[in-house]
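Here's the structure, in structure tokens; my notes come after.
The values are calculated or read from the model by the stated rules, or taken from the named source; none is laboratory data. Keep in mind it's a predicted model, so treat the numbers as computed, not measured. Here Cβ is always computed from backbone atoms with ideal geometry, including for glycine, and neighbour counts include all displayed protein chains. Only protein heavy atoms, including side chains, enter the accessible area calculation; ligands, DNA and RNA are left aside. Shrake-Rupley method; radii C 1.70, N 1.55, O 1.52, S 1.80 Å.
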Amino acid sequence: MPGFELFGAEEKKEVQDVLDNGVLMRYGFDGMRNGHHKALELEQALAKRMESDYAQVVSSGTAALTVALASAGVGHGDEVIVPTFTFVASFEAVLSVGAIPILCDIDDTLTLKPEAVEAAITKNTKVIMPVHMCGSMADLDALREICDTHDLILLEDACQAIGGTYDNKPLGSIGDLGCFSFDYVKTITCGEGGGLITNSKEYAERAHKYQDHGHDHIGNDRGAESHPFLGYNYRLSELNAAVGIAQLRKLDETLAKQKRTYTVLRDALTTIPEVTFRKVPLKGEESYAFLNIFLPTEDLARKAHKALGSHGVDACFYWYDNNWHYYKKWEHLLNPSTLVRFSDTINKRLKDNNRSFEESDAWMGRTVSCLIKVGWSPEEVQERAERMVSAIQSVL
Ligand SMILES: *Cc1c(COP(=O)(O)O)cnc(C)c1O
């Protein structure tokens with residue numbers, strides 16, 4: 001996920017446009033801005049690239065999820081089904097609108113297991129949120145069907161998977177809403193930023209207002225605008241948007257590079273019979289942001305992860321022990337610790353998440369993920385492949 005690797009003249013030019021006229025905010029100041037509307041331009045480019053009718057850019061991926069949920073009318077006491085393997089942000093966004101994240105098992109796709117999702121549905125369930133961790137996705141046909149049967153919203157957290165596809169459609173565009181992050185470590189970066197896409201005019205119009213204090217953006221005079229409902233400030237600045245415009249233009253080139261590197265590394269590991277790969281659903285194509293492998297046991301996965309490090313293969317992760325990405329380490333969320341008091345109902349449901357998820361443990365315990373960088377030369381990739389093979393063979 002190389003946004004931070006590819007910062008160059010194109011980004012500087014876009015940022016310079018903004019600095020030249022000094023309008024760092026996306027709304028108002030029309031007389032000064034010399035026709036530059038970077039946030040708007042990023043939205044138009046994002047909607048087009050993601051084959052969606054509407055895009056709304058905001059200040060982070062977490063904000064995108066929050067605004068998406070609010071725009072879909074998700075709020076107090078509603079339940080949102082989220083996978084045990086995600087980034088804490090998906091969990092936080094749900095709580096920030098007053099709804100309750102309900103953890104659910106994953107399978108060998110490393111994201112929501114459809115049968116476990118069905119079992120987690122209650123009368124309060126409103127949303128199913130698959131999180132396309134490390135560039136790949138759940139069985140989205142199965143999740144869509146569950147949503148249609150139970151009248152639920154499908155919200156894709158595609159923050160780590162921009163550019164991947166399902167059934168030849170961009171990830172993020174399959175659900176009722178899809179969210180991206182443009183933080184500093186994602187495939188494309190604005191420094192900080194995020195975006196949501198949707199084909200729903202209603203959701204898009206709500207999102208547009210909600211992310212800017214409920215302003216309706218009618219007319220040029222911010223003071224005269226009306227506020228049809230309560231909103232907050234999740235706006236993206238023109239400076240951040242400018243970086244994102246240049247980054248988004250490089251997306252396809254980035255994806256092609258990721259795929260080349262991924263393929264070399266995967267082909268090399270295929271020679272080791274004990275190594276298997278994360279399941280990608282039949283209609284899916286990864287974004288190739290990471291290569292995710294399974295070792296035969298948890299013990300071997302830990303050892304392989306260590307050996308990769310000692311063989312000089314950096315940027316490999318053992319998520320099972322990671323504080324940010326696997327629910328077991330979220331002590332502040334499992335035993336809810338909040339600055340403001342949550343209602344007893346929310347606290348009780350949150351505590352229900354503090355239980356064992358055996359299938360998730362089984363898959364995550366065996367998973368090692370290696371980040372794919374785009375700056376590696378073909379020689380470096382080849383050398384890396386060889387080191388990965390010897391590292392893993394050394395522990396088998
Ligand atoms: C990065 C990330 C987010 C949040 O994005 P920020 O821009 O860092 O707020 C949400 N979900 C997933 C899966 C992520 O990786």
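Quick look at the values:
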{"quantity": "In Å², nearest 10: area of ASP252 left accessible to a 1.4 Å probe", "calculated": "90 Å²"}
{"quantity": "Point-to-point label distance, ARG266-LYS329, nm (Cα→Cβ direction, 7 Å offset)", "calculated": "2.6 nm"}
{"quantity": "Degrees, to the nearest 10: 38-49 long Cα axis against longest axis of the chain", "calculated": "50 degrees"}
{"quantity": "Value at 222 nm in deg cm²/dmol, rounded to 500, when DSSP H runs of n ≥ 4 in the chain each add -39,500 (n - 2.57)", "calculated": "-12000 deg cm²/dmol"}
{"quantity": "Protein accessible area in the stretch 252-395, 1.4 Å probe - carbon and sulfur %", "calculated": "53 percent"}
{"quantity": "Folded to 0 to 90 degrees: helix 298-310 orientation relative to the chain principal axis, Cα", "calculated": "80 degrees"}
{"quantity": "GNM flexibility winner over the chain from THR86, THR297, THR271 (Cα, springs under 10 Å)", "calculated": "THR271"}
{"quantity": "Percent of Cα pairs exceeding the 31 Å cut-off, where the set is the chain", "calculated": "38 percent"}
{"quantity": "For the chain, built as a Gaussian network whose Cα springs stay under 10 Å, the top-fluctuating residue of LEU177, LEU110, LEU95", "calculated": "LEU95"}
{"quantity": "Gyration tensor verdict on the stretch 21-155 (Cα atoms; rounded if a/c is under 1.5, prolate if a/b is larger than b/c, oblate otherwise)", "calculated": "prolate"}
{"quantity": "Considering only the stretch 3-250, percent of DSSP beta bridges that pair antiparallel, nearest 5", "calculated": "50 percent"}
{"quantity": "Residue order for PHE87, PHE294 - accessible surface, 1.4 angstrom probe, largest first", "calculated": "PHE87, PHE294"}
{"quantity": "For the chain, built as a Gaussian network whose Cα springs stay under 10 Å, the top-fluctuating residue of GLU253, GLU286, GLU79", "calculated": "GLU253"}
{"quantity": "Stretch gain in nm, segment HIS150-ASN347, where the contour uses 0.36 nm per residue and the Cα spacing is subtracted", "calculated": "68.4 nm"}
{"quantity": "Estimated FRET transfer efficiency when R0 is 35 angstrom, pair VAL340-LEU40 (beta carbons, to 0.05)", "calculated": "0.50"}
{"quantity": "20 Å Cα-Cα reach of LYS126 towards lysines, excluding residues that sit fewer than 8 places from it in its own chain", "calculated": "LYS113, LYS201, LYS348, LYS351"}
{"quantity": "Extended-chain gain in nm, criterion 0.36 nm per residue less alpha-carbon gap, GLU358 and HIS227", "calculated": "42.4 nm"}
{"quantity": "Within the chain, longest stretch clear of exposed trypsin sites (Lys or Arg not before Pro) (DSSP loop, no more than 15 other Cβ within 10 Å)", "calculated": "124-282"}
{"quantity": "Prolate/oblate/rounded label for the stretch 234-374 (Cα gyration tensor, a/c 1.5)", "calculated": "oblate"}
{"quantity": "Spacing of the two label points (7 Å from each Cα toward its C-beta) at ASN168 and GLU51, in nm", "calculated": "0.7 nm"}
{"quantity": "Inter-label distance for TYR184 and ALA142, nm, one decimal - labels placed 7 Å from Cα along Cα-to-Cβ", "calculated": "3.8 nm"}
